[in-house]
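This report concerns only the one structure given below.
The values are calculated or read from the model by the stated rules, or taken from the named source; none is laboratory data. No experiment lies behind these values; they were computed from the predicted model shown. Backbone-built Cβ (ideal geometry, glycine too); neighbour counts: all protein chains shown. Just the protein is used for accessible areas: all its heavy atoms, side chains included, with ligands, DNA and RNA removed. Shrake-Rupley method; radii C 1.70, N 1.55, O 1.52, S 1.80 Å.
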Amino acid sequence: MSQTVKTGIPTDAVETPPTASPKRWWILAVIAIAQLMVVLDATIVNIALPSAQADLGFSDANRQWIVTAYALAFASLLLLGGRIADLFGRKPAFLVGVVGFAAASALGGASTGFGMLVTARALQGVFGALLAPAALSLLNTTFTDARERARAFSVYGAIAGAGGAVGLLLGGLLTDALDWRWTLYVNVAIAVVAFAGGWILLGNHRDAANSKLDVPGTVLVAGGLFALVYGFSNAETHHWGSPQTWGFLIAGGVLLAAFSWWQTRAAHPLLPLRVLLDRDRAASYLAVLITGAGMFGVFLFLTYYLQLNLGFSPTKTGVAFLPMVGALMVSAQLGTTVLLPRIGPKIMIPLGFAVATAGMAWLTGIGLGSHYLSAVLPQLIVIGVGLGLVMPSAMQLATGGVAAEDAGVASAAVNAMQQVGGSIGTALLNTLAASAATDYLAGKDATSRLVRAQATIESYTTAFEWSAGLFAVGAVLAFLLYRGGTQQPAAEGAPVVHM
């Protein structure tokens with residue numbers, strides 16, 4: 001019978017925590033390096049796409065598959081990857097994920113044609129789906145003291161939130177200084193460090209060794225997530241009325257509904273519903289999804305604006321995002337270690353969304369004659385502060401209080417929410433931005449360079465407006481869904497509550 005404790009986390013068992021690993025801060029460094037490698041690939045290749053396209057000679061229509069292949073494989077296999085870590089051990093899952101990701105990156109860097117590059121990107125997604133949940137679940141099980149856990153998640157969450165901007169910077173530097181292929185080869189160097197650290201520092205735990213893999217559930221959720229991400233990706237190249245868009249979206253919804261039904265009947269469910277039914281955890285998953293969707297308004301369209309309208313180079317564009325990264329990291333540390341224990345998620349996470357909403361709405365003021373220092377920089381700092389309050393804390397709450405045997409799949413669900421949110425944001429904002437540009441050009445001289453430039457501004461500001469709207473919705477939902485009160489850190493050695 002479930003009981004409720006002061007934190008509001010329903011529990012079925014109270015366990016004494018294991019002794020904290022003396023190597024835990026080194027383990028955090030290894031996990032952070034591996035997570036950075038995965039997150040970087042969401043954006044680092046994007047800046048190199050024009051160079052790769054010119055070198056390999058593929059069409060504009062095929063260009064999107066360099067991004068989509070990774071997203072499809074990553075999103076659809078995340079829950080399977082998380083469960084593999086629970087069943088067979090987090091250390092082997094982590095190490096195989098690192099090696100596989102590096103090998104796929106090397107294959108992509110050596111590509112001689114479009115097919116080879118797409119295959120490599122899909123393989124990156126496959127091994128990333130094994131690596132990402134293993135890394136997050138290792139973090140969740142390594143840090144048992146609540147105060148230390150908050151600090152660890154502030155680092156992890158900052159990487160998850162700012163990694164896209166770092167990817168833009170690193171992608172620009174490597175493309176300008178070396179070659180587009182080095183945006184993939186760089187993963188090999190990162191992987192060597194992560195593998196060596198993981199091999200030396202990590203212990204292996206098979207917390208769900210007595211369970212079995214839920215094959216029907218795996219097929220249903222993999223198919224559902226694949227169809228969902230593919231449907232949203234098709235919205236960018238087709239339209240919302242196309243069967244290739246709504247058909248796959250409906251199929252994805254049906255498969256995920258069937259998966260939810262099956263999880264109530266499976267003897268060894270892939271994603272036990274006890275992981276999802278906690279109110280604060282469900283609110284945290286939703287916060288991660290909305291943040292993933294809204295962040296694309298910053299990274300994608302602001303990258304276009306800085307390069308195409310302000311004339312920034314790829315490297316300078318990446319540098320332009322650094323103040324946002326700094327603000328996000330400072331805010332993440334303050335939010336998880338100071339504000340969350342004192343005011344609780346019901347106040348802090350809506351506050352973070354509200355700050356991000358204000359920054360994004362402020363960013364809609366850009367124009368043809370705007371300057372970075374006045375029209376972009378202050379807004380980026382405000383957005384960074386807001387996202388820093390939301391992302392790390394939501395990730396911490398989404399995986400907190402989960403039984404050790406469910407840590408991998410709970411962590412995978414966090415990554416899945418972020419990935420699906422990003423797919424939704426990309427498709428939705430691209431479609432809305434394109435419609436805004438088309439509407440602006442209606443009845444105007446489309447051959448005029450000034451008119452076309454202003455049309456692109458309209459598309460960017462429309463995307464920023466909708467991103468602000470997404471964050472505003474996130475603020476309202478977070479306030480309604482999170483429980484009131486604070487979550488007090490447990491003293492060292494105090495019981496750790498599991499579901």
**Message:** Quick test of the membrane-span-like rule: which DSSP H helices of the chain reach at least 30 Å along their long axis (C-alpha atoms) with mean Kyte hydropathy at least -1.0?
**Reply:** 60-88, 114-142, 146-177, 215-237, 279-304, 377-399, 407-441, 449-481
**Request:** Using a 1.4 Å probe and ignoring any ligands, DNA or RNA, find the accessible area of HIS239 and quote it in Å² to the nearest 10.
**Result:** 110
**Request:** Quickly work out the ARG452-to-ALA29 label distance, labels modelled 7 Å from Cα along the C-beta direction, and quote it in nm with one decimal.
**Result:** 5.1
**Asked** Taking a 1.4 Å probe, which of ARG24, ARG147 shows the most accessible area, and what order do the others take after it?
**Response** ARG147, ARG24
**Request:** Express in nm, to one decimal, how much length is gained between SER370 and VAL473 on full extension, taking 0.36 nm for each residue of separation and deducting their alpha carbon distance.
**Result:** 34.2 nm
**Request:** Mind giving me the FRET efficiency for VAL192 and THR119? R0 is 22 Å, r the Cβ-Cβ distance, nearest 0.05 is fine.
**Result:** 0.45
**Asked** Label-point separation (nm) for ALA267 and GLN244, each offset 7 Å from Cα along Cα-to-Cβ?
**Response** 4.3
**Complete:** Rounded to whole angstrom, the alpha-carbon centroid of region 352-405 lies from that of region 301-324 at a distance of 17
**Request:** Per DSSP H run of at least 4 residues, take -39500 (n - 2.57); add these up for the chain, divide by its residues and hand me the 222 nm value, nearest 500 deg cm²/dmol.
**Result:** -25500 deg cm²/dmol
**Asked** By the gyration tensor of its Cα atoms, with a ≥ b ≥ c the square roots of the eigenvalues, what is the shape of region 285-327: rounded for a/c under 1.5, prolate for a/b over b/c, or oblate?
**Response** oblate
**Complete:** Put ILE347, ILE33, ILE159, ILE44 in order of accessible area, largest first, probe 1.4 Å, and you get ILE347, ILE33, ILE159, ILE44
**Prompt:** To the nearest 10 Å², what's GLU148's accessible area with a 1.4 Å probe?
**Reply:** 30
**Request:** Quote the accessible area belonging to ARG121 in square angstrom, nearest 10, computed with a 1.4 Å probe and with ligands, DNA and RNA left uncounted.
**Result:** 0
**Request:** Rank these residues by their accessible area, most exposed first, probe 1.4 Å: ARG483, ARG90, ARG279.
**Result:** ARG279, ARG483, ARG90
**Global form of region 372-433, assessed from the alpha-carbon gyration tensor, a/c cut-off 1.5** = oblate
**Request:** Once you have the Cα-Cα distance between ARG147 and LEU277, take 0.36 nm times their residue separation minus that, and quote the gain in nm to one decimal.
**Result:** 44.3 nm
**Request:** Using a/c under 1.5 as the rounded threshold, could you call region 317-388 rounded, prolate or oblate? The axes a ≥ b ≥ c are square roots of the C-alpha gyration tensor eigenvalues, and prolate needs a/b larger than b/c, oblate otherwise.
**Result:** oblate
